[in-house]
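Take a look at the structure below.
The values are calculated or read from the model by the stated rules, or taken from the named source; none is laboratory data. What you see is a predicted model, and the numbers here were worked out from it, not measured in a lab. We place every Cβ from the backbone using ideal geometry, glycine too, and count neighbours over all the protein chains shown.
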Amino acid sequence: MEAQTEERLLMDELEAGEAAVELDDKGPQEVLAWAIEKFGRRLGICSSFQAEGCALIDMAWRIDPGIRVFTIDTGRQPEETYRLIDRIRDKYGIRTEMFLPDTKIVEQMVTKHGNNLFYRDVNLRLLCCQVRKVLPLRRALMHFDGWVAGLRRDQWATRSNIRKIEIDHDHGGVVKIAPLADWTEDEVWEYIRANDIPYNELYGKGYPSIGCGPCTRPVKAGEDPRAGRWWWETGAPKECGMHCSIETGGFEHELAALLGNNGAHLGGNGNNG
């Protein structure tokens, strides 16, 4: 990985806004081509290996076979996801960069609250997401100036206004790129099938949205695709905090204590974790 002391290529709000307007009606391949030219090896595709991420990897690989791909391995991923990562490596020759949660923080969290703390309380679920997802993402993004995400505007209400290019203030001001923002789910799957792209076996078992194994279930006919995520919760956001900042006043104190016990601190600039 690149040394963290390398000079960073960051954009300001005006530049990002102009790029967002320019690229808003462009296809995902054009957006990816812009990002690859802009950031080079300081660009990474962050993929949880859902359908959108697999499509983006294929598109970017066709532009630059050396594209960097990284993932947040929470330690609770389904086995099907790990098998897919190997299939992506075999097809494209891409070695996915893996970022894992801090072992000491996980140890303290599960010792105090149990391995399946997320089922008991929304704030404990958000704490687990912070420890296993958000903090490793912050650490990962210190190695990148631009990151590509497979977000679509029609996935959930919190994503309806995402721009294809924006400044990610939650993660140190890196540029966040969403090439599929205006695509539909059908368009993603049309691209996958047309290009024979590997995808997660769980889709064939009724999982339209795939996260950690204990927190994801198949959905029933007619249910919202996100209904299988944290299905036991009522009125809670169907988000983990990776793509939008979540503050409840319930988990932050506990997270700060865990980080303090490990010589870290809680901050919002992406320079911790």
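Looking at the structure I just gave you, is residue 145 farther than 25 Å from residue 90 by Cα, modelled with pLDDT of 90 or more and touching a Lys or Arg at 6+ places or on another chain (Cβ under 6 Å)?
Criteria met by residue 145.
Contact list please: Cβ distance under 6 Å, first residue in the range 214-228 and without any contact (Cβ under 8 Å) to a residue 40 or more places away in the chain and closer than 14 Å to residue 200 by Cβ, second residue surrounded by 16 or more Cβ atoms within 10 Å (Cβ to Cβ) and among the hydrophobic types (A, V, I, L, M, F, W, C), pairs at least six apart or on different chains.
228/219
Mind checking which residues of the range 217-260 are closer than 19 Å to residue 127 by Cα, among the basic types (Lys, Arg) and either modelled with pLDDT of 80 or more or not in a loop (DSSP other than H, G, I, E, B) (or both)?
Matches in the range 217-260: 229 only.
Taking the range 198-207 on its own, how many of its residues are surrounded by 19 or more Cβ atoms within 10 Å (Cβ to Cβ) and of a type outside the set (Phe, Trp, Tyr)?
So the answer is 3.
Considering only the range 51-94, how many residues are more than 17 Å from the chain's Cα centre (by Cα) and part of a loop (DSSP other than H, G, I, E, B)?
Residues flagged as more than 17 Å from the chain's Cα centre (by Cα) and part of a loop (DSSP other than H, G, I, E, B) within the range 51-94 amount to 5.
If you go through the range 164-179, how many residues are surrounded by fewer than 23 Cβ atoms within 10 Å (Cβ to Cβ) and farther than 12 Å from residue 142 by Cβ?
The total comes to 5.
Any idea how many residues of the range 153-179 are modelled with pLDDT of 90 or more, closer than 26 Å to residue 101 by Cα and of a type in the set (Lys, Arg)?
Going through the range 153-179 one residue at a time, the tally reaches 1.
Here are the criteria: (1) over 27 Å from residue 33 (Cα atoms); (2) in contact with a Lys or Arg (Cβ under 6 Å, 6 or more places away or on another chain); (3) not acidic (Asp, Glu). Tell me which single one residue 198 does not satisfy.
The one condition residue 198 does not meet is (1).
Pick from the range 29-50 the residues that are in a strand (DSSP E or B) and hydrophobic (A, V, I, L, M, F, W, C): which of them is nearest to the chain's Cα centre (by Cα)?
Ranking the qualifying residues of the range 29-50, first place goes to 46.
Looking at the range 41-81, which of the residues that are closer than 19 Å to residue 192 by Cα and hydroxyl-bearing (Ser, Thr, Tyr) is surrounded by the most Cβ atoms within 10 Å (Cβ to Cβ)?
It comes out as 47.
Please give the number of the condition residue 16 fails out of (1) modelled with pLDDT of 95 or more; (2) in a helix (DSSP H, G or I); (3) over 27 Å from residue 82 (Cα atoms).
So residue 16 meets the others, but not (1).
Which pairs do you get when a residue that is surrounded by fewer than 17 Cβ atoms within 10 Å (Cβ to Cβ), found in the range 85-99, comes within reach of a residue that is part of a loop (DSSP other than H, G, I, E, B) and of a type in the set (Val, Ile, Thr), reach meaning Cβ atoms under 9 angstrom, with the pair 6+ apart or on two chains?
Short answer, once both residue conditions are applied: 89/96; 91/197.
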